[in-house]
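**Student:** Provided herewith is a single structure, encoded as structure tokens, for subsequent inquiry.
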Amino acid sequence: MTAPAVHATGVGKVFPSTGGEVTALTGVDLDVAAGEFVSLIGPSGCGKSTLLRLIADLDTPSAGDLAIFGKPARQARIDQDYGIAFQQAGLLPWRTVAANIALPLELHRWSRARRDARVAELADLVGLSEFVGRYPDQLSGGMQQRVAIARSLAASPQLLLMDEPFGALDEMTRERLQTELARIAAETGAAVVFVTHSIPEAVFLSDRVVVMSPRPGRITDVIDTRPGRARDEALRESPEYFTRVTAVREALHGTPLQRANER
Ligand SMILES: Nc1ncnc2c1ncn2[C@@H]1O[C@H](COP(=O)(O)OP(=O)(O)OP(=O)(O)O)[C@@H](O)[C@H]1O
């Protein structure tokens, strides 16, 4: 049996601060299966980015255990077992689109010929074949974000870690990139851990939505949002999609009756 892409047990994170300690996360138990798409959603400060950073070994947990494909997070980072795409595209401005996408392949010491072939394939995948010679400041925000996604996919990682990658985009571009990401994840079989503030985005993309709440940051609900059909434009207007959006909304904010009673 393959190890889960992410296996977290009892994960906690405490940050020191001037007014005492901040418990950013407590008691997080979460498994993300190989090939599974899981979104983290919750109000500002509930620890979504902290959890993603711990998985990526950009920070270390204060408590609990984390394994990425059965390895310690640090080893998975050294082995470059995952691709990362965050809200700011984070492209190198002095490199062309092609050279930005090729970066992980250089780190993996791919030959020039193999790199060039892979970059052409990825540029085509994200619809940027005509722009590979451009520099990041010659692209729109949506195009920059597509370059960042292509780069995160370059070495065919079996895990993608994405922190609000579409947060800064207009609604139309955002929906188009969501459809592309759903297709890419299905085609490559990669697991994805995806941080978002958008309920419809989480429901559209995910097999499961993890709902978190702050002070201290913890998981309060996990909702199955597998659509049982293709993630295409028709899904967005289907009754089952609305049902799932409502389920996640109620897990986050309570039912209309509960909210009325709180007033
Ligand atoms: N480096 C740090 N030092 C101190 N406190 C931190 C640090 N990073 C995060 N925190 C605190 O930990 C808590 C969780 O932050 P985190 O950024 O993970 O939340 P989030 O759910 O991603 O929020 P948002 O939706 O606003 O991005 C917050 O209270 C935040 O202030």
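**Student:** Just name one of Val245, Ala99, Pro165: the one whose Cα is farthest towards the positive end of the charge dipole of the chain (beta-carbon charges, Lys/Arg +1, Asp/Glu -1).
**Tutor:** Ala99
**Student:** Related question: Starting from the Cα of Val22, step 7 Å along the direction of its Cβ; do the same at Val222; then give the gap between the two resulting points in nm.
**Tutor:** 2.7 nm
**Student:** Give, to the nearest whole percent, the P(r) tail of the stretch 1-154 beyond 25 angstrom, counting all Cα pairs.
**Tutor:** 42 percent
**Student:** Restricting attention to the alpha-carbon atoms of the stretch 104-213, what are Rg (one decimal) and Dmax (integer), both in Å?
**Tutor:** That works out to 14.5, 48 Å for Rg and Dmax.
**Student:** If you don't mind, another one. In whole percent, and with a 1.4 Å probe on the protein chains, what portion of the accessible area of the chain is carbon and sulfur?
**Tutor:** The nonpolar share, carbon plus sulfur, comes to 52 percent.
**Student:** Still on this structure: For the chain, what is one quarter of the convex hull surface built on the Cα atoms, given in nm²? Could you put the intermediate results ahead of the total?
**Tutor:** Details: hull surface 64.7 nm².
So the mean shadow area of the Cα hull is 16.2 nm².
**Student:** Between the stretch 115-162 and the stretch 49-78, what is the C-alpha centre distance in whole Å?
**Tutor:** Their Cα centres are 26 Å away from one another.
**Student:** How big is the dipole moment of the stretch 112-263 about its Cα centre under a simple scheme where the beta carbon of each Lys and Arg is +1, that of each Asp and Glu is -1, and everything else is neutral? Debye, nearest 20, please.
**Tutor:** The calculated dipole for the stretch 112-263 is roughly 400 debye.
**Student:** A follow-up question, please. I'd like to compare 65-72, 95-102: which one has the highest average count of other Cβ atoms within 10 Å, and what's the full order after that?
**Tutor:** Those peptides, ordered most packed to least, come out 95-102, 65-72.
**Student:** Round to the nearest 0.05 the FRET efficiency obtained for His108 and Ala260 when R0 = 41 Å and r is the Cβ-Cβ distance.
**Tutor:** It comes to 0.15.
**Student:** Something else now. If I model a spin label at Arg215 and Ser140 as a point 7 Å from the Cα along the Cα→Cβ vector, what separation in nanometres do I get?
**Tutor:** The answer from the label model is 4.1 nm.
**Student:** Please tell me the relative contact order of the chain in percent, rounded to the nearest whole number, where contacts are Cα pairs under 8 Å and at least six residues apart. Don't jump to the answer; show the numbers that get you there.
**Tutor:** Working: 495 pairs, mean separation 66.8, N = 263.
It comes to 25 percent, rounded to a whole number.
**Student:** Ok, one more. Between rounded, prolate and oblate, where does the stretch 25-88 land on the alpha carbon gyration tensor, with a ≥ b ≥ c its root eigenvalues, rounded for a/c under 1.5, else prolate if a/b exceeds b/c?
**Tutor:** Note, shape of the stretch 25-88 comes out rounded.
The values are calculated or read from the model by the stated rules, or taken from the named source; none is laboratory data. Computed from a prediction, not measured in an experiment: that's the story for all the values here. All Cβ positions, glycine included, derive from the backbone under ideal geometry; neighbour counts span all protein chains shown. Please note that ligands, DNA and RNA were not included when accessible areas were found on the heavy atoms of the full protein model with its side chains. Shrake-Rupley method; radii C 1.70, N 1.55, O 1.52, S 1.80 Å.
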